Amino acid sequence: MEVIIQHDEEAATVLAARIIARRLRAKPKLVLGLATGRTMERVYAKLAEMHRKEGLDFSLCQTFNLDEYVGLAPDNRDSYHFFMKEHLFSRINIDIRNTHLPNGMAADLEKECENYERLIANAGGIDLQLLGIGADGHIGFNEPLSALKSRTREKALTPATIRQNGPLFDSPDKMPRRGLTMGVGTILESKQCLLLATGAEKAEILARAVEGPITSMISASALQLHQRCCIVTDEAAASRLEEKDYYRWVFENEPEWADFRK
Ligand code: F6R
């Protein structure tokens with residue numbers, strides 16, 4: 001795991017977008033794992049800007065989103081299908097047939113989850129998985145006690161997630177109580193993970209995920225097991241990390257990050 005601390009939210013977001021862009025330029029047929037939420041909204045705005053201004057090309061890229069609410073149709077404004085179209089897919093040159101999200105309206109949700117795993121495998125696995133972290137430490141909708149080997153499945157959402165995401169709904173009581181999500185095991189199989197966390201409200205849970213013990217109570221802590229995981233944060237989200245000086249030293253000295261140091 002590597003931790004890159006940037007001064008503020010803008011710099012952290014730009015860095016995350018640049019890491020994605022570098023991977024996409026190196027491999028135009030990139031299989032990209034995507035997330036939703038407020039943090040990702042800003043990353044997608046940057047990627048759309050890079051597409052517009054620098055010609056960043058998504059035409060051969062395939063995407064797989066982490067999760068979707070159960071019971072929301074793709075054209076529902078609160079669905080993750082809608083979020084992705086609005087914030088990214090309609091703003092870049094991706095072939096919409098190459099974009100995938102679990103279908104929360106499927107008649108047989110279990111089959112839908114099995115099929116989603118199959119689609120990912122058929123694509124050759126995920127090259128780069130983008131992640132945010134929830135108030136309860138979830139990645140995707142992998143709520144506390146999600147098995148570290150879990151696969152794509154239906155999951156009940158916790159009160160913490162309902163508090164976190166409820167305000168994004170026109171009427172918070174309409175927020176579904178269940179979601180479909182890639183499992184922690186599915187996420188750990190991606191070739192590279194990039195987690196972006198910004199803002200003081202993420203500081204405590206980020207420190208527990210990065211520097212605390214690996215536990216199914218905090219799904220993001222499972223990323224400590226990943227062979228290639230990078231955490232990008234701003235100073236506010238990094239404020240509870242104890243080894244900040246060491247992380248800064250690594251970032252300043254690793255040749256891999258030379259292009260990103262400016
Ligand atoms: C959603 C997802 C979640 C979010 C997390 C943070 O697809 O993967 O894990 O990344 O809940 O959400 P924000 O960015 O809104 O704080």
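The values are calculated or read from the model by the stated rules, or taken from the named source; none is laboratory data. The shown structure was predicted, so the numbers you read here are calculated from the model rather than taken from an experiment. Here Cβ is always computed from backbone atoms with ideal geometry, including for glycine, and neighbour counts include all displayed protein chains. These area figures cover heavy atoms from the full protein model, side chains too; ligands, DNA and RNA do not enter into them. Shrake-Rupley method; radii C 1.70, N 1.55, O 1.52, S 1.80 Å.
Annotation: lysines with alpha-carbon distance below 21 angstrom to Lys244 (same-chain offsets under eight excluded): Lys202, Lys262.
Each peptide in 226-235, 205-214 was scored by the mean count of other Cβ atoms within 10 Å over its residues; highest first, the order is 226-235, 205-214. Mean silhouette area of segment 142-262, derived from the convex hull of its C-alpha atoms and averaged over all directions, reads 8.8 nm².
The smallest convex shape that holds all Cα atoms of segment 16-127, its convex hull, gives 92 Å³ per residue. All C-alpha to C-alpha distances of the chain, sorted into 5 Å bins beginning at zero, yield P(r) values of 1, 6, 14, 19, 20, 19, 13, 6, 2, 0, 0 percent in whole numbers.
Computed from the C-alpha gyration tensor, the three semi-axes of the ellipsoid equivalent to segment 94-163 are 23, 15, 13 Å, from longest to shortest.
With the simple model of a label 7 Å out from the Cα in the direction of the Cβ, Ala135 to Tyr246 spans 3.1 nm.
Which entries of Lys149/Lys191; Lys111/Lys155; Lys111/Lys174 have Cα-Cα distances beyond 19 Å here?
Details: Lys149/Lys191 16 Å; Lys111/Lys155 14 Å; Lys111/Lys174 25 Å.
Lys111/Lys174, as the Cα separations exceed 19 Å there.
Within the chain, Cys61, Cys113, Cys230 have no other Cys Cβ under 4.7 Å of their Cβ and so lack a disulfide-compatible partner by this rule. The equivalent ellipsoid of segment 123-177 has semi-axes of 24, 13, 11 Å, largest first, where each one is the square root of 5 times an eigenvalue of the Cα gyration tensor. Report summary: the helix-based calculation at 222 nm, which adds -39500 (n - 2.57) for every DSSP H run with n ≥ 4 and divides by the residues of the chain, gives -10500 deg cm²/dmol. Taking θ as phi - 60° and the Karplus parameters 6.51, -1.76 and 1.60, the scalar couplings of segment 84-90 work out to 5, 5, 5, 8, 9, 4, 7 Hz in sequence order, x denoting glycine and proline.
Dipole magnitude for the chain: about 560 debye, using +1 per Lys or Arg Cβ and -1 per Asp or Glu Cβ, origin at the Cα centre. Residues Asp67, Asp173, sorted by accessible area with the largest first, give Asp173, Asp67 [1.4 Å probe; ligands and nucleic acids excluded]. Once backbone amide H atoms are built at 1.01 Å from N, Cys230 has Glu2, Cys193, Leu194, Leu195 as its partners under 5 Å, excluding neighbours fewer than 5 places away on the same chain.
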